[in-house]
1. Name the residue that is farthest from the other protein chains (Cβ to nearest Cβ), counting only residues in the stretch A:131-143 that are more than 12 Å from A:M246 (Cβ to Cβ) and in contact with a strand residue (DSSP E or B) (Cβ under 8 Å, 6 or more places away or on another chain).
2. Of the residues B:L172, B:L154, which is more than 10 Å from every other protein chain (Cβ to nearest Cβ), over 15 Å from the mean Cα position of the chain (by Cα) and modelled with pLDDT of 90 or more?
3. Could you look through the stretch A:55-64, keep only residues that are more than 9 Å from DNA strand C (Cβ to nearest atom) and open to solvent by 50 Å² or more (accessible area, probe 1.4 Å), and pick out the one that is farthest from A:E20 (Cα to Cα)?
4. For the stretch B:205-221, what are the residues that are open to solvent by 10 Å² or more (accessible area, probe 1.4 Å), within 19 Å of B:P180 (Cβ to Cβ) and touching a strand residue (DSSP E or B) at 6+ places or on another chain (Cβ under 8 Å)?
5. Restricting attention to the stretch A:157-174, and to residues there that are in contact with a helix residue (DSSP H, G or I) (Cβ under 6 Å, 6 or more places away or on another chain) and in a helix (DSSP H, G or I), which single residue is most open to solvent (accessible area, probe 1.4 Å)?
6. Is there a residue in the stretch B:16-31 that is more than 16 Å from DNA strand D (Cβ to nearest atom), aliphatic (A, V, I, L, M), under 21 Å from B:H115 (Cα atoms) and more than 9 Å from every other protein chain (Cβ to nearest Cβ)?
7. If you take the residues in the stretch B:184-199 that are touching a helix residue (DSSP H, G or I) at 6+ places or on another chain (Cβ under 6 Å) and farther than 22 Å from B:D240 by Cα, which one is nearest to the other protein chains (Cβ to nearest Cβ)?
2 protein chains.
Amino acid sequence: MDQALVEEIRERLDEFTTTERRAAQALLANFPLLGLQTVAQFADAAGVSSPTILRFVARLGFPGFPEFQRRLKFELENQLKAPLARDLALPSGDTGCGNAFADKLVENLRETFQHLPEREIEAFVRLLADERRTVYLLGGRFTDALARYMAAHLRIVRSGVHHMAGQESNWLDQLIGMGPKDVLVVFDIRRYQAGIVRFAEAAAKQGVTVGLITDSWMSPVARISQHVLPVRVAVPSPWDSSTALMAVAEVLIAGVTKENWQRSEQRMQALEALRNGADPVRPLESDDGEA
Amino acid sequence: MDQALVEEIRERLDEFTTTERRAAQALLANFPLLGLQTVAQFADAAGVSSPTILRFVARLGFPGFPEFQRRLKFELENQLKAPLARDLALPSGDTGCGNAFADKLVENLRETFQHLPEREIEAFVRLLADERRTVYLLGGRFTDALARYMAAHLRIVRSGVHHMAGQESNWLDQLIGMGPKDVLVVFDIRRYQAGIVRFAEAAAKQGVTVGLITDSWMSPVARISQHVLPVRVAVPSPWDSSTALMAVAEVLIAGVTKENWQRSEQRMQALEALRNGADPVRPLESDDGEA
DNA sequence: TTACGTTTGTATTTTTTGTTACAGAATTGC
DNA sequence: GCAATTCTGTAACAAAAAATACAAACGTAA
């Protein structure tokens, strides 16, 4: 038994009669769940009659519909691999969640969005969605991960996205090419890093539009930024929290994706195709390399 | 409708009667496929009678078994759909980066912590705080940024922290040295990456303790993990959200920092001194290279 | 156009499945 | 230790789903 009913169906598509093919395509469009419904529901969704479904299944070589479903479940099982939770014996215990830290995170998030000027977000999104501009992303010691994360997403929905990684000296190489048409997105929270500030100022001097995501105390980069999104970062811990930063980054990503959904969808599909065609495993763009 | 029947069942485990609990455990052990079989098969697999299954389902609040199955299928559907296929039903009109999205982020965060077994977090923290163990962090296409972020912090408060970056083939070099004394922290959300799963399994085979941070549908890595922290990731966007993942990562970081505050403080001071003495600007550990 | 084979849907039958009633077993409280 | 309550499985019942028979529709070739 080879593991791929989908493929078999797709391959044998022209063996079927006209209506049977309708059934097949409906199934492929919603695989495998449509096949796990009842015959009647399947038939209804495909716009054919029940017997057609049965004949379709029979032609695939199954003695009956239940056998067909058994096969679907079998394949699903392999795909999902049951999550064996060995600790479910643990009775729920105290609901806890009284975790002060967690509470603070939630509050930060709420506060952040409450005070975030919607207009600023929209403008920021439009800026990032404009494909005529090249986008550069820069983060600090800890926020570098966020710049990286945002770059990974933006790169999917648009071209011309660069994450500035590694040593400060390497950034300078990119600075040369930057101009008024470009955008620099900076993540910078306390303690503000001198190198970041320096770089942002240099970029601004070249006419680059700067967008800043920072904490409520505002990185000095704000002085030369066209767009500033202040975010709550304080938590009961020696560290500052990046959770709200991540949230804001995701709002921006979602915004850009939607701002030009046509383009986003096309690119996503193309990438998906590439991924499937080329190496199903894990290309993991090694990121930085785009220098 | 909150997206997590599994969680609800796990939480309400002690509301059930003895045999009903047997049914629940069987279902959790083989979720969600066992629930898609017939009542009789379900009952048989759980070693109870059919009516017990029906009573179990009824206690969960479903009017009948078919309705229960419909819910399972619904959740499965969301889990299986590629980002593109997921409905974009952004509440009409507004920017798409507006409040619906933000609200969902806040809700996700709250829900995540509500369902996170405090005990699991504590155990996870103790594991990570144990300096005799070497800690390896691994993430997927987007979650790599989180692994990186967590590594950057952990590295400050303890030694022996490795972030597995770049190509999958490079990870294997590290696999050689890993053993029962070590910990592998995996970030993996849908769509789960085959490479990650493979690596985690290989590590587990060598006796490595695996801790997993995943979405509520559970990466297959869960099967071989000692600690699993499920997190809410669904948002009204073609992407999944990493905000709650970031939050959980920060809870862990804060926990480890506090677990051995003496050591953490010392190391932080020492690092500060180094930073000031050597290069006040920005060393930005180029991360990966620590091998 | 007509005749024949194929394809398709309606209506019916048969089988399976979910559901419920009830009585025996286990547990709890007094 | 006994009674009341709760829990659990057997068995009968009702609902549904799958399978089938058959006739109408369609297409094709003479």
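1. Going residue by residue through the stretch A:131-143, those that are more than 12 Å from A:M246 (Cβ to Cβ) are A:131-138, A:140-141.
Then keep just the ones that are in contact with a strand residue (DSSP E or B) (Cβ under 8 Å, 6 or more places away or on another chain); that gives A:133-138, A:140.
On the way: A:R133: 18, A:T134: 21, A:V135: 16, A:Y136: 16, A:L137: 11, A:L138: 11, A:G140: 7 Å.
Only one residue tops the list, namely A:T134.
2. Only one candidate qualifies: B:L154.
3. Going through the qualifying residues, I end up with A:P63.
4. B:T209
5. A:E168
6. Filtering the stretch B:16-31 for residues more than 16 Å from DNA strand D (Cβ to nearest atom) gives B:28-31.
Subsequent filtering for residues that are aliphatic (A, V, I, L, M) retains B:28-29.
Filter once more, so that each one left must be under 21 Å from B:H115 (Cα atoms): B:28-29.
Next cut, more than 9 Å from every other protein chain (Cβ to nearest Cβ) only: none.
Scanning the stretch B:16-31 turns up no residue that is more than 16 Å from DNA strand D (Cβ to nearest atom), aliphatic (A, V, I, L, M), under 21 Å from B:H115 (Cα atoms) and more than 9 Å from every other protein chain (Cβ to nearest Cβ).
7. B:F199
Matching residues to (1) among the polar types (S, T, N, Q); (2) open to solvent by 60 Å² or more (accessible area, probe 1.4 Å); (3) more than 12 Å from every other protein chain (Cβ to nearest Cβ):
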{"position": "A:R223", "(1), (2), (3)": "no, yes, yes"}
{"position": "A:Q226", "(1), (2), (3)": "yes, yes, yes"}
{"position": "A:L229", "(1), (2), (3)": "no, no, no"}
{"position": "A:D240", "(1), (2), (3)": "no, no, no"}
{"position": "A:L252", "(1), (2), (3)": "no, no, no"}
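The values are calculated or read from the model by the stated rules, or taken from the named source; none is laboratory data. These numbers come from a predicted model, not from an experiment. Positions of Cβ are generated from backbone atoms using ideal geometry, with glycine treated the same way; all protein chains shown enter the neighbour counts. In case anyone asks, the SASA skips ligands and DNA or RNA and just uses the protein heavy atoms, side chains included. Shrake-Rupley method; radii C 1.70, N 1.55, O 1.52, S 1.80 Å.
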